[in-house]
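To start, the structure under review is shown below, and the notes come after it.
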Amino acid sequence: MRRIAFHFLVACSFLGSAAAATRPHYGGAVRVQLQSAPATLDIPANAATADYWDATRVLALIADNLVSMETQGRPQPALAIAWQNDSNARHWQFTLRRGVKFQDGSAFSAAAIAQILAPLHPDWHAQSSGDTLTIDTDNPLPSLLAELALPRNAILKRTASGLPVGTGPFRVGEFQPGKLLKLAANEECWSGRPYLDEIEIEFGKSLRDQAIAFELGKTDVIEVSPAASNSASARVRTSLPVELMALVFPANSKAQDPRVREALSLSIDRRPIQSVLLKGAGDPAGSLLPNWMTGYSAVFSVQPNVPRAKALLADSRLPAFTLSYDPRDPQAQLIAERIALNAREAGITLQVSLSGADDLRLVRVVLPSPDPATSLREAARQLGLPQPAVRSNAVEDLYQAERTVLDGHPVIPLFHLPVAGAASGRVRDWDPDRRGEWNLPQVWLEADSR
Amino acid sequence: MADIAPACHGSILGDTARQLAHKIATSSGPGAIALNITNRSSLDDKSVREIRSALEAQLRTEGVRIAQPEQAMGSVEVILSESLREYVWSAEITIGSDEKRVALMSLPRPQAGVPSAAAMPVVLRKTFLYAQERPILDAALIEMTGGSRLFVLDDTQVVMYRQQSGRWEPEAQLPIVHSRTFPRDLRGRLLLRRDHLFDVYLPGTFCRSGASVPLTLACNASDDPWPLTPDEGSVRAFFATARNFFTGALSPGMGRISNVPSFYAAAAMLRPNYTLWVLTAVDGSLHLVDGMTDQVVRGPRWGSDLAAVRSACGSGAQVLVSERGDPERDSLRAFEIPDRDPVAASSPLEFDGSIVALWPEGSSSGAVAVVRREDTGWYEAYRISLSCGM
């Protein structure tokens with residue numbers, strides 16, 4: 001199946017490159033398929049990574065944030081056009097964009113935003129005054145802009161039936177929970193009406209189903225396994241690594257001894273797993289944050305060292321540990337079994353199982369922000385670790401904060417992984433950003449007459 | 001941190017290497033160490049040699065001698081890496097059986113460099129004018145008292161630059177005030193005028209500059225038609241205020257024709273007794289309008305943008321047309337239309353990105369093209385000129 005999809009995607013790339021340099025056309029509907037089957041249009045707490053990306057892709061079409069972040073981590077104006085903060089980053093003032101309306105026609109105002117942010121952040125004190133929104137916090141928040149740019153802080157209201165109403169380029173037309181979402185162009189969008197008239201999203205489609213529908217021309221935009229996307233196809237776009245796969249130890253784990261955890265980390269040969277089981281996607285990881293965010297990941301070794309692992313365990317009598325994984329992750333079981341094989345060479349017995357109490361879990365977490373401090377905090381939150389104190393994004397401060405999180409090996413980083421998507425040849429200007437965010441408001445469809 | 005200009009890049013690399021050497025020496029103390037440097041960044045070999053040289057020299061100054069591993073008290077593994085924002089250099093220092101210590105340095109990465117600047121009747125040449133991060137909609141180069149001035153139009157302002165010491169320095173920034181939301185694929189036109197300096201046409205907005213210094217710009221909401229050529233008495237066409245094309249309604253018309261299909265761009269090719277208008281329609285077709293008839297030409301897969309130019313080559317009238325290259329490398333090519341079928345008059349002139357605007361210059365002796373670079377996402381304005389080929 002994968003081979004068929006690959007050949008089709010390559011064929012699409014040749015079709016796409018034959019067109020002339022045309023300006024974007026208005027009109028038409030793009031068909032999208034996604035894996036998740038959401039009952040509501042929001043970002044579920046502790047969502048599986050696939051559900052997270054799907055939810056954020058949908059909400060990004062409907063809503064905007066006060067600010068956005070470039071891939072290099074620089075904040076950019078969105079619903080806020082200017083901001084300033086005091087020297088200790090506890091008082092922030094935002095000037096809001098004028099001429100913006102919610103999709104239900106209601107006024108976009110500082111008061112409305114304060115009302116939206118209040119339940120999301122009870123520890124913030126958001127107040128409005130004319131076009132100005134102020135946010136005060138008891139503790140310094142130097143990464144507030146990056147926080148505001150996270151998908152969970154999108155500025156949106158809810159209808160009585162719970163549907164989101166934002167200021168973004170598309171509004172909800174029809175929603176069948178778990179099955180279908182139709183989005184219509186927001187003619188009044190402050191950033192310009194999108195080129196497409198409509199986006200139709202089918203939910204609950206496995207990657208395999210998506211590939212088949214794509215091959216048959218029944219859908220235009222699909223998710224692709226990054227493993228399959230290591231092709232030369234111009235229609236597949238693979239992001240920078242934006243997920244971390246790691247082993248994490250629950251609080252009641254029998255593996256509490258840091259030497260055991262270190263020995264386990266040293267026993268894992270990450271490169272063969274990455275090249276074979278992950279089909280070359282991503283990078284072996286010894287750090288929580290990928291190198292594109294920090295530049296220092298090489299300092300965290302990913303080299304296996306079985307003799308040292310055995311030396312660490314020399315005086316220990318170890319019980320067998322139970323390793324669990326997320327059964328929704330199609331690659332997780334094989335990777336868990338390979339880790340168990342590696343561990344055995346060092347004298348550690350791991351039983352891969354989905355039943356009973358686990359001593360360690362193979363998990364994926366999202367690194368949602370290009371701002372490294374924000375992604376570090378988010379990774380720690382998803383992994384159930386204490387929140388790191390990151391003084392600034394200076395490389396030394398980040399390194400110290402990350403090193404502190406990893407002290408005692410509460411988590412063993414394994415791989416940094418990308419996400420990928422593909423678009424058919426009729427979708428023009430398909431150019432997802434390097435963090436994997438799809439740019440559907442910017443795409444347009446080739447005119448049928450051409 | 002600000003980005004590094006390429007000229008001072010070298011000295012900053014050396015300075016940073018010396019600071020890293022100081023951190024290493026502070027951690028290791030004086031003595032002999034084995035030093036290994038690995039480059040995992042985009043730095044070239046010359047830069048790496050410079051870093052090594054500066055690092056070793058500073059280590060020697062601080063009493064640390066480079067030795068073979070078997071003669072050293074410890075080892076230092078330096079890795080030159082980078083994130084998207086900056087170069088990050090790490091040094092892992094291992095002395096005896098002590099735990100590894102890590103020293104880190106970072107410095108901003110430089111911006112991608114700005115590019116330096118046939119047996120056909122016409123040879124196209126591009127001259128780089130200006131580059132910026134915001135989308136450039138149009139640009140105009142004129143000679144004024146005190147030297148050349150460059151006007152750059154984007155979605156927020158018109159900036160007048162004056163050339164000083166080979167660089168364009170801003171001389172006046174004139175904000176564009178508008179009440180209507182601009183469309184996504186924003187287009188705009190900056191036209192030089194005789195009785196005042198220039199007019200700006202944007203979807204739903206018209207701006208007029210003052211005639212004297214200090215320069216002013218007055219903008220107001222307007223649905224007035226845009227001139228299709230730089231001449232003041234030009235045919236004008238209504239622009240769809242929430243879209244990226246002309247509606248097709250003309251005022252005055254092209255001869256007897258006052259309505260054409262919606263189009264992206266129009267080029268006026270002067271003929272002895274009439275003007276032949278070439279239109280790129282929104283539906284992808286090419287229209288030739290001679291004032292009496294509107295003929296659809298099927299076949300050529302031109303891009304959306306075109307501009308008429310006059311030259312001393314070939315028939316004297318050419319139209320510059322955007323074409324898509326492989327992949328996302330657009331090009332411009334000159335065509336002549338001797339009868340009804342366009343004939344290529346030049347080889348393609350390639351750009352490192354997509355052509356997002358193409359407008360004829362005031363004199364129609366050339367054109368201004370704006371390109372969005374694939375690698376940096378920046379917008380670059382070029383002057384396109386023609387010379388005669390073989």
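May I ask you to derive the FRET efficiency for A:A82 and A:Q115 from their Cβ-Cβ distance with R0 = 35 Å, giving the value to the nearest 0.05?
0.95
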Multiply the residue gap between B:R301 and B:S258 by 0.36 nm, knock off their C-alpha separation, and tell me the result in nm, one decimal place.
12.9 nm
What's the exposure ranking of B:M292, B:M269, going from fewest to most Cβ atoms within 10 Å?
B:M292, B:M269
Using modelled backbone amide H atoms (1.01 Å from N, in-plane), which distant-in-sequence or interchain residues come within less than 5 Å of B:T216's amide H?
B:G210
Each residue of the stretch B:99-108 in turn: what ³J(HN,Hα) in whole Hz from Karplus with 6.51, -1.76, 1.60 and θ = phi - 60°, glycine and Pro shown as x?
5, 4, 10, 10, 10, 10, 9, 9, 8, x
Please list the non-local residues whose amide H lies under 5 Å from the amide H of B:G353, H modeled 1.01 Å from N, same-chain partners needing a gap of 5 or more.
B:D330, B:E374
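Would chain A count as rounded, prolate or oblate if I go by the C-alpha gyration tensor, calling it rounded below 1.5 in a/c and otherwise prolate when a/b exceeds b/c, oblate otherwise?
oblate
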The stretch A:321-360 scanned against label point 7 Å out from A:K310 along Cα→C-beta; backbone N under 16 Å for A:342-349
Ranked list, fewest to most other Cβ atoms within 10 Å of each Cβ, for B:T241, A:T22:
B:T241, A:T22
Suppose the chain between B:S251 and B:L270 were pulled fully straight at 0.36 nm per residue; how much longer would it get relative to their current alpha carbon spacing?
4.9 nm
With a 10 Å Cβ neighbour count serving as the proxy for reagent exposure, in which order, fewest first, do A:H25, A:H91, B:H178 appear?
A:H91, B:H178, A:H25
³J(HN,Hα), Karplus 6.51/-1.76/1.60, whole Hz, each residue of the stretch B:146-162, x for Gly, Pro
x, x, 6, 10, 10, 9, 10, 9, 10, 6, 10, 6, 10, 10, 9, 10, 10
Could you list the trypsin sites (Lys or Arg not before Pro) in the stretch A:127-227 that lie in coil according to DSSP, counting only those with at most 15 other Cβ atoms within 10 Å of their Cβ?
A:K179, A:K218
Starting from the Cα of B:I142, move 7 Å in the Cα-to-Cβ direction to define the label point; list residues of the stretch B:173-190 whose amide nitrogen is under 17 Å from there.
B:173-175, B:189-190
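Quick check on the protein assembly as shown: take the gyration tensor over C-alpha atoms, sort the square-rooted eigenvalues as a ≥ b ≥ c, and tell me if it's rounded (a/c under 1.5), prolate or oblate. Numbers along the way, then the final one.
On the way: a/c = 1.92, a/b = 1.60, b/c = 1.20.
Judged from the Cα gyration tensor, the protein assembly as shown comes out prolate (a/c at least 1.5, a/b above b/c).
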For the stretch B:215-262 and the stretch B:26-59, what is the centre-to-centre distance using only Cα atoms, to the nearest Å?
62
So if I take the centroid of the Cα atoms in the stretch A:191-217 and the same for the stretch A:87-164, what is the distance between those two points in Å?
31
Filter the DSSP H helices in chain A by two things, a Kyte-Doolittle mean of at least 0.5 and an axial alpha-carbon span of 18 angstrom or more, and list the hits by number.
A:2-16
How high is the relative contact order of the stretch B:154-275, given as a whole-number percent (alpha carbon pairs under 8 Å, six or more residues apart)?
16
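Would you calculate, for chain B, the mean residue ellipticity at 222 nm contributed by helices, counting each DSSP H stretch of 4 or more residues as -39,500 (n - 2.57) and dividing by all residues, to the nearest 500?
The helix contribution divided over chain B gives -3000 deg cm²/dmol.
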Neighbour cut-off at most 16 other Cβ (10 Å), DSSP loop, GluC sites (Glu not before Pro), the stretch A:114-194
A:E187, A:E188
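Semi-axes of chain B's equivalent ellipsoid from the Cα gyration tensor, sqrt of 5 times each eigenvalue, largest first, rounded to whole Å?
Over the Cα atoms of chain B, the semi-axes work out to 56, 23, 18 Å.
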Which order do the peptides B:251-263, A:364-376 take when ranked by the mean count of other beta-carbon atoms within 10 Å per residue, highest first?
A:364-376, B:251-263
Under the classification rounded if a/c is under 1.5, otherwise prolate if a/b is larger than b/c and oblate if not, where does the stretch A:104-187 fall, given a ≥ b ≥ c as square roots of the Cα gyration tensor eigenvalues?
prolate
So what's the net charge close to A:E187: Lys and Arg +1, Asp and Glu -1, counting the other residues with Cβ under 13 Å from its Cβ?
+3
Helix-only CD estimate at 222 nm, as mean residue ellipticity for chain A, using -39500 (n - 2.57) per DSSP H run (n ≥ 4)
-7500 deg cm²/dmol
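With contacts defined as alpha carbon pairs under 8 Å and 6 or more residues apart, what's the relative contact order of the stretch B:126-173 in percent?
Working: 72 pairs, mean separation 12.2, N = 48.
26 percent.
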For the stretch B:349-386 and the stretch A:232-269, what is the centre-to-centre distance using only Cα atoms, to the nearest Å?
47
Lysine pair count for the protein assembly as shown [Cα-Cα under 26 Å; pairs on different chains or 8 or more apart]
14
For a quick protection proxy, order the peptides B:147-155, B:219-227, A:275-283 by their average other-Cβ count within 10 Å, most packed first.
B:147-155, A:275-283, B:219-227
So which trypsin sites (Lys or Arg not before Pro) in the stretch A:44-117 are both in a DSSP loop and have at most 14 other Cβ atoms within 10 Å of their Cβ?
A:R98
Say R0 is 45 Å: what FRET efficiency, to the nearest 0.05, do A:R259 and A:D431 get from their beta-carbon distance?
0.40
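Every number in this text was worked out from the coordinates using simple rules, so none of it is lab data. Keep in mind that what you see is a predicted model, and the values were worked out from it rather than measured. Backbone-built Cβ (ideal geometry, glycine too); neighbour counts: all protein chains shown.
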